[in-house]
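What follows is a short report on a single structure.
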Amino acid sequence: MTTSRNEYFPQSRLGPGATLEEKLEEMGMSAAEFADYTGETENTIKAVFVGKCSITPDMAAKFENVTRIPVHWWLNSQRNYDRFMTAKNRKKPVEEPVFA
């Protein structure tokens, strides 16, 4: 028996890098300055901006120290973005398992 699911799937989703970039702009801080404060490289920060680098728990703690955005927010945002990108890039839908 086949069942269908109606699920909402947005066409796009902003990753945590978009929030980071916006927050730094609000704080008047460049990527280079933020990198200095966090101990990350400027290239890593710029890669986070565009979703090429994931935010790790260690990075999230460093980001919280500067932005005051909690660690759990950064990690949840990264997880949700990763799930979105995985679903978006999936070639075909995963079918329900068939048990005999």
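The values are calculated or read from the model by the stated rules, or taken from the named source; none is laboratory data. As the structure is a prediction and not an experimental result, all values here were calculated from the model. When we count neighbours, we look across all protein chains shown, and the Cβ atoms used for this are built from the backbone with ideal geometry, even at glycine. Please note that ligands, DNA and RNA were not included when accessible areas were found on the heavy atoms of the full protein model with its side chains. Shrake-Rupley method; radii C 1.70, N 1.55, O 1.52, S 1.80 Å.
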Exercise. Quick check, is Y81 of a type in the set (F, W, Y), modelled with pLDDT of 95 or more and assigned to a helix (DSSP H, G or I)?
Worked result: no
Exercise. From the list V50, V66, which one is open to solvent by 60 Å² or more (accessible area, probe 1.4 Å) and in contact with a helix residue (DSSP H, G or I) (Cβ under 8 Å, 6 or more places away or on another chain)?
Worked result: V50
